Each structure stands twice: as C-alpha cells, then as structure tokens.
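Read through the structure below, which is laid out as structure tokens, and then see the notes.
The values are calculated or read from the model by the stated rules, or taken from the named source; none is laboratory data. It should be emphasised that the depicted structure is a prediction, and the values quoted were computed from it without experimental measurement. When we count neighbours, we look across all protein chains shown, and the Cβ atoms used for this are built from the backbone with ideal geometry, even at glycine. Heavy atoms of the whole protein, side chains included, go into the accessibility calculation; ligands, DNA and RNA do not. Shrake-Rupley method; radii C 1.70, N 1.55, O 1.52, S 1.80 Å.
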Amino acid sequence: MTERAPAPPPADPGFGVYVHWPFCKAKCPYCDFNSHVRHAPPDQARFVAAFRAEIAHTRERIGQRRTHSVFFGGGTPSLMEPATVGAILDAINEAWPLDARAEVTLEANPTSVEAGRFRGYRAAGVNRVSLGVQALDDAALKALGRMHSAEEALGAVAVARAAFERVSFDLIYARPDQRPADWAAELRRAIDEGCEHLSLYQLTIEEGTPFAALHRAGRLIVPEDEVARALWDVTQETTRAAGLPAYEISNHARPGAESQHNLLYWRYGEYAGIGPGAHGRLDTPEGRVATSTERGPEEWVAKVEAQGHGVIADETLTRAEQADEYLLMGLRLMEGIDRARFARLAGRGFDPARVAALLEDGMIEELPGNRLRATALGLPVLDALVADLAA
Ligand SMILES: C[S@@+](CC[C@H](N)C(=O)[O-])C[C@H]1O[C@@H](n2cnc3c(N)ncnc32)[C@H](O)[C@@H]1O
Ligand code: SF4
C-alpha cells in the first residue's frame, strides 16, 4: 500500500459545506451516527427554512467564499425530496457561489424507492452519490439489519450510474465469521460493478448500539486480530490490483476519482457544518473555529427558529490544537502531510529526534516535497503516532 508516492495536493484545500439530514427509516444495530426514526415523516418545508437560516447565519459569520464541495450526509439524505435538496443547494449557492466544478454528493440508501428519486437529485444539482450497499450477501445484510437485498442494492447502483457522473458505494467488512477468501470474492464482485470509488469500512462495535450489547454478551463475535489483519491485507491487495488503491485508510478510488469533499476534511480545509449535530471548521478573524450544532432534530429546528442557528459550541482552536487536527486528518491519507504546513500551524517544526525514531521504527516514511506519511505499521495506531509526532 505504501510504494507509490501520490501527486502533492493543492496548496489551498478549499471550502466545503456539510449538510446533515438526521432521519432514517429504521436504525441499523451497528450505527451510532446522529440518525433518528420518526413515525410521522418530518415537515421538510420547515427543515428547509431552518437550513436556509443556518446557512445565512454562517455566511454572516465568515463572509464570502467559493464552494468547492457539498456533502449531504446522514442519517439518510435519500429520504429528502429532490425539491428539499434543490432548495438547500440554492441557499448554499446564494451564500457562497458553487464553483463550476464543485462536487455535490448525496448519501443514499440503496432501496428501489430511493433509486426512484435519483433523477430528481441530479436535476437538483447533485453530481455524485455514495450508496450504503454494506454487503453483497443477503445473510450478511440481514444480520446487519439492512432493509434491502444485495440484488436490490445493485439495482440502485445501476440506476445511480445512469443518473450521475460519479458513484461510490460503502461496504462493511470484518463481519462476524467473515473469511478472507469470501471477502476477496465479494470485493471483486463489488469492483466488477465498475464504480470508480469504494469506501470499505471495518465493522466497528460502537458503544451504546445493539451490536455493542450483543458483543458484550458474547453473541456477536468479530474476527480476531489476525483474521482482521488478513481481511485488511486482502482489501488492499484486491483494490490495488483492480486499479482502485487506497488514498485514505478506508477509501479507494481510481486516480482522479477521489472524493473531493472528504479530501477537503483530511487536508484540513475549511468547511461549514449545517443541520443537526453537524461539525464545522471555520476561518474567522479570531482564527480557526470549531463549531457544532444541537444534535436532536426537533431541538435543532426549534433553536434555529428562535435564534437563527443551532450552534451550541463555537471554540477558537489554539495553534497546537490545529496542528494536532491537521496531523490526525492528514496522516490518514496516502499523500501524507506537509511538514512546512505543520510548522506554520504549530509555530514550530517536529522534534527531529522523534521523527528519526519513528522513521527508524518504520511507523512513518518520507515523501518528496517535505512530506511525511504513516506506513502500514503506523496507520493502525494513528492516535498514538500523532501524539508522539506532535509532542
Ligand atoms: C452515515 S452512514 C450513512 C449511509 C446510509 N444511511 C446507509 O446506511 O446506507 C455512512 C456509512 O458508515 C458506515 N458505518 C456506519 N456504522 C458503521 C460501523 N459501526 N462500522 C463500520 N462502518 C459503519 C456504513 O458503511 C455507512 O454506509
Ligand atoms: S447505517 Fe445509515 S440507515 Fe442505518 S441507521 Fe446509520 S445512518 Fe441510518
């Protein structure tokens, strides 16, 4: 995974907007995202008004920008009406004009009902979808609590490929009882779908989810470390052989098809977080600010209606905090981090002795252009690596 030195990234990572849609049809037992199930469908017009208000508030705060990417994440944004998506995009475009080449992604669940809305999203301005396929095996989908079969999901992928320039899908691996050879075959089938981007996540047992309770009770057994490692290796080998190498820990793309929005996060660019439970990193006259909004959907709408925004935390980051965040994000990428940018953020360079020791231990490696990246040894222990490097 580490033999190829990717092209250096652009000097300015750009500006993006994240929009959170917090509703789902059902809650998947492994998921701890800010997603909620409601018996009565939410009033989308009311939410549109709130999204518009929060966008206008953020525009007041930071002033002009050009938008390079927009990401509708969730929850399940494919439960939004195309008109809702269009109205939010109009508001973003009014606040911060969309660049002609802006990437506009919408996360979609791959059911046939949702695929029926894809053309409407395209007409509203979405040009990329990211589908939560999760598995190409019906028994595994059932165990994950999904509401679609593999066939239905692949049907949605086909509809998406006809409607959008760019399509990605997510799979979850390191599932209970999954063997490397089976995963390799499943992954090859996924690659054969011809998408240019895949997000491949190892199943994580998240505290507070039904999977965590089952796991504690010994009723859900995830692969042991050795098998998990073999599954990871198979993932890297299979995707690389197919021309979709990893460009980030869990993301694989044909060169040039990387997600611009996600790259913006990992390159520590500037982004506004709009909607319930959204996070932002904004550049203000006071410096870089970390924002987050009220998580509860109804509470968020009420707050926006009362005060024009749902922001509940707004903290100016110190230089050291910014430098840490830059490392934590950037070292996920195969292109690594720029030592000079770290020095500008931190107000000091790395400790040469620490860099030398980590190089010696094979945890990081040097790239041309004064860059460093985590190796296959360093990636699994990224938090510790960042703490060591930043000390
Ligand atoms: C915010 S979810 C939204 C996607 C969409 N709602 C769906 O489920 O199809 C984004 C992705 O995170 C991944 N994910 C969520 N929980 C996970 C977990 N516990 N372990 C691994 N991946 C997870 C899934 O692949 C999912 O598609
Ligand atoms: S995985 Fe997707 S559909 Fe399932 S609960 Fe999480 S956000 Fe909702």
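Using a/c under 1.5 as the rounded threshold, could you call the range 291-391 rounded, prolate or oblate? The axes a ≥ b ≥ c are square roots of the C-alpha gyration tensor eigenvalues, and prolate needs a/b larger than b/c, oblate otherwise. Mind showing how you got there, number by number?
Numbers: a/c = 3.34, a/b = 2.43, b/c = 1.37.
Judged from the Cα gyration tensor, the range 291-391 comes out prolate (a/c at least 1.5, a/b above b/c).
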- Task: Please check which bits of the range 146-169 a label hung off Asp182 would reach, taking the label as a point 7 Å along Cα-to-C-beta and the cut-off as backbone N under 18 Å.
- Result: 146, 149-151
- Query: Out of Tyr247, Pro368, Phe23, whose Cα points farthest toward the positive end of the dipole of the chain (charges: +1 Lys, Arg; -1 Asp, Glu; placed on Cβ)?
  - Reply: Phe23
- If R0 is 22 Å, what FRET efficiency do you get for Glu366 and Asp12 from their C-beta distance, rounded to 0.05? 0.40
- For Val37 and Ala387 in the same chain, what is the full-extension length gain: residue separation times 0.36 nm, less their Cα-Cα distance, in nm? 122.2 nm
- Query: What is the extension gain from Ala242 to Glu286, computed as 0.36 nm multiplied by their sequence separation minus the C-alpha to C-alpha distance, in nm to one decimal?
  - Reply: 11.2 nm
- Message: Run lengths n ≥ 4 of DSSP H only: what is the helix-derived mean residue ellipticity at 222 nm for the chain, with -39500 (n - 2.57) per run over all residues, to the nearest 500?
- Response: -12000 deg cm²/dmol
- Label-to-label distance, nm, for residues given as Thr375 and Glu305 (7 Å Cα→Cβ offset): 5.8 nm
- Heavy-atom accessible surface of the chain: percent carbon and sulfur, 1.4 Å: 52 percent
- Item | Span from the the range 40-65 Cα centroid across to the the range 262-301 one, whole angstrom | 13 Å
- Item | Mean accessible surface per residue for the chain, computed with a 1.4 Å probe while every protein chain stays in place, in Å² | 44 Å²
- Task: With only Lys, Arg, Asp and Glu charged, each at its Cβ (+1 for the first two, -1 for the last two), find how big the charge dipole of the chain is about the Cα centre; round to the nearest 20 debye.
- Result: 700 debye
- If the cut-off is 19 Å between C-alpha atoms, which lysines fall inside it for Lys142, apart from same-chain ones fewer than 8 positions away? Lys25, Lys27
- Item | In nm, spacing of pseudo-spin labels at Asp90 and Glu224 (7 Å Cα→C-beta vector) | 6.0 nm
- Given the peptides 175-188, 115-128, arrange them by the average over their residues of other C-beta atoms within 10 Å, most packed first. 115-128, 175-188
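Between Glu298 and Thr318, what length comes free when the chain is fully extended (0.36 nm per residue of separation minus the Cα-Cα distance, one decimal in nm)?
Values: separation 20, 0.36 × 20 = 7.20 nm, distance 3.27 nm.
Full-extension gain reported as 3.9 nm.
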